[in-house]
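This report concerns only the one structure given below.
The values are calculated or read from the model by the stated rules, or taken from the named source; none is laboratory data. The model shown is predicted, which means the values in this text are computed figures rather than measured ones. So basically every Cβ, Gly included, is an ideal-geometry build from the backbone, and we count neighbours across all protein chains shown.
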Amino acid sequence: MISSLNRCFVGSFNRCFVISFLLLSGCSGYVQRMVTGSLERIGDPVTPAPKMITTPILDNPALAISWVGHATVLFQIRDKVFITDPLFTDHIGMMVKRYIGPGLDPSLLPKVDFTLISHIHFDHFSYGSLDMLPKNGTLVIPLGLLRYTPDFGFRGLKELKPWESIEEEGVRVTAVPVQHFSGRYGIDNAWLNQKGYTGYVIAYGGTAVFVGGDTGYDPNLFKEIGSRFRIDVALLPIAPGSLTSLGGRVHVGPPGALAIMQDLGASYMVPMHHRTMFYGSDSNPTQAIDQLRAIAAEMGLSDRIIDLDIGEQRVLHLNQNGRISAQP
C-alpha cells in the first residue's frame, strides 16, 4: 500500500502519465475520442445534476438504490451502506470532463460500510473522490490494485481475487470475474495482465446485488455467476458499447446489458455508466438509455429496468415471498 507520505507524488504521477494511458491502453481509439470530445468543451460549465440525493441513508430499507452518476451507485441493504466506483470530481485525470455533476454531496454521508472499486481506470478508481468519503468502512479493491492504493485512512482494506469472499457483520462480498482490461498508465498493462478489474456480488440479509463495474459480454461467465448466486438487482453499464449487438471485448451497450441481466437471472437491472460524460462515439448523451428503453419494451422487460435519473433514489420492498420487488 502506498504510504501517506507519497500521496502527493502519486497524484502528480497520475496526471503526468495519463497521456500514456490514453495512447497505449487497450481502448485507445475510444479513449482518444473521449478526450478529444472533452477538450472541445473544456471551458463549458458542468451542468448540475437534474436531481440531488438529500437523504442518502434511510431507516432500514429492504433495498434503496441511488444513481450518483457514471458508475457511482449508492445502495443500502437494511442498515448497511455501499458505494461503487465513487466519482465526484469534475474531471478524470485532468483530461476528461463530465457533462453532468454528481447527484450526491458526499459530505452528507455519515458512513459507508463498503466502498467497492471495480477496476483500475481513472474514472472508476478516483483518488480525489475517495478522499471525500467517510473512512469508517472497508475499501474493497480487485487483485493487483494494492500497490496503486494510497493510505486513504479507511477502517479496512481488502484486495480480492475472482471468486474470493470476505464477510463482515453479516455482509458477504464476493469478487466475480468480468471481461474488461487493465492498466492505469498504459505501460503497466504488461505486468498487470488479467488483474486489476472485477465485479462483485454483495449478499446481506437474503438480498444480493451484482456490481458490474465495466465489462464486455461473455455468456458463459455471466451464466456461471448466475448459477452460483440468486441475484435480486444487477448494476450494469450500458455505454459505450454497441447499440445493436451484444458488445465487444471490454464494453457492452444496451443489448449486451440486457443479455447479462438475463444470464445472471437477476430480477432487476439498474443501468449506469452512461450520460455522465462523452464516451467517444455517442451522438448525444442520452442515446444509450433511449435505446435501452426501446429494446426493453420490445422484449417485454421494461418492468425489470429500474431506470434512475442522475441524483434519483428508489426504495424497493420485499414481496410476499421475501424477495426484492420494485413494484409499489
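Things worth noting here:
- Filter result for residue 45 (more than 19 Å from residue 213 (Cα to Cα), without any contact (Cβ under 8 Å) to a residue 24 or more places away in the chain and part of a loop (DSSP other than H, G, I, E, B)): yes
- Only one entry in 156, 216, 256, 248 is more than 20 Å from residue 126 (Cβ to Cβ), free of Cβ contacts under 8 Å to residues at least 40 places away in the same chain, out of contact with any Pro (no Cβ under 8 Å at 6 or more places or on another chain) and not basic (Lys, Arg), namely 248.
- For the stretch 150-202, residues that are in contact with a Leu (Cβ under 8 Å, 6 or more places away or on another chain), β-branched (Val, Ile, Thr) and more than 23 Å from residue 237 (Cβ to Cβ) total 2.
- Residue within the stretch 181-198 that is in contact with a Ser or Thr (Cβ under 9 Å, 6 or more places away or on another chain), farther than 24 Å from residue 303 by Cα and modelled with pLDDT of 95 or more present: yes
- Beta carbons closer than 7 Å, at least 6 apart along the sequence or on distinct chains, pair a first residue in the stretch 51-72 that is at negative phi and of a type in the set (S, T, N, Q) with a second that is crowded, with 24+ Cβ neighbours inside 10 Å and outside any strand (DSSP E or B) for 66/104; 72/85; 72/86; 72/87; 72/102.
- The residue of the stretch 42-76 that is surrounded by the fewest Cβ atoms within 10 Å (Cβ to Cβ), among those that are touching a Pro at 6+ places or on another chain (Cβ under 8 Å) and aliphatic (A, V, I, L, M), is 57.
- Qualifying residue in the stretch 295-305 (condition: assigned to a loop (DSSP other than H, G, I, E, B) and either touching a residue at least 24 places away in the same chain (Cβ under 8 Å) or charged (D, E, K, R) (or both)): yes
- Any hit, the stretch 297-305, residues being surrounded by 18 or more Cβ atoms within 10 Å (Cβ to Cβ) and at pLDDT 95 or above: yes
- Filtering the stretch 218-227 for residues that are among the aromatic types (Phe, Trp, Tyr) and within 22 Å of residue 194 (Cβ to Cβ) leaves a non-empty set.
- The stretch 175-200: number of residues that are surrounded by fewer than 22 Cβ atoms within 10 Å (Cβ to Cβ) and without any contact (Cβ under 8 Å) to a residue 40 or more places away in the chain: 5
- Elements of type strands (runs of 3 or more DSSP E) contained in the stretch 64-150, each with 1 or more residues being basic (Lys, Arg): 80-84
- Exclusive hit being acidic (Asp, Glu), within 17 Å of residue 78 (Cβ to Cβ) and touching a strand residue (DSSP E or B) at 6+ places or on another chain (Cβ under 8 Å), set 159, 168: 168
- All conditions but one from (1) at pLDDT 90 or above; (2) surrounded by fewer than 21 Cβ atoms within 10 Å (Cβ to Cβ) apply to residue 36; the one that does not is (1).
- Applying a threshold of 9 Å to beta carbon distances and a minimum spacing of six or more residues, or different chains, the list of pairs starting in the stretch 104-127 at a residue that is under 20 Å from residue 250 (Cα atoms) and ending at one that is part of a helix (DSSP H, G or I) and modelled with pLDDT of 95 or more reads 117/130.
- The residues of the stretch 110-123 that are of a type outside the set (D, E, K, R), modelled with pLDDT of 95 or more and under 24 Å from residue 174 (Cβ atoms), listed by number, are 112, 114, 115, 116, 117, 118.
Here is a yes/no grid of residues against (1) surrounded by 23 or more Cβ atoms within 10 Å (Cβ to Cβ); (2) at pLDDT 95 or above; (3) out of contact with any strand residue (DSSP E or B) (no Cβ under 7 Å at 6 or more places or on another chain):
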position	(1), (2), (3)
210	yes, yes, no
219	no, no, yes
226	no, yes, yes
236	yes, yes, no
240	yes, no, yes
264	yes, yes, no
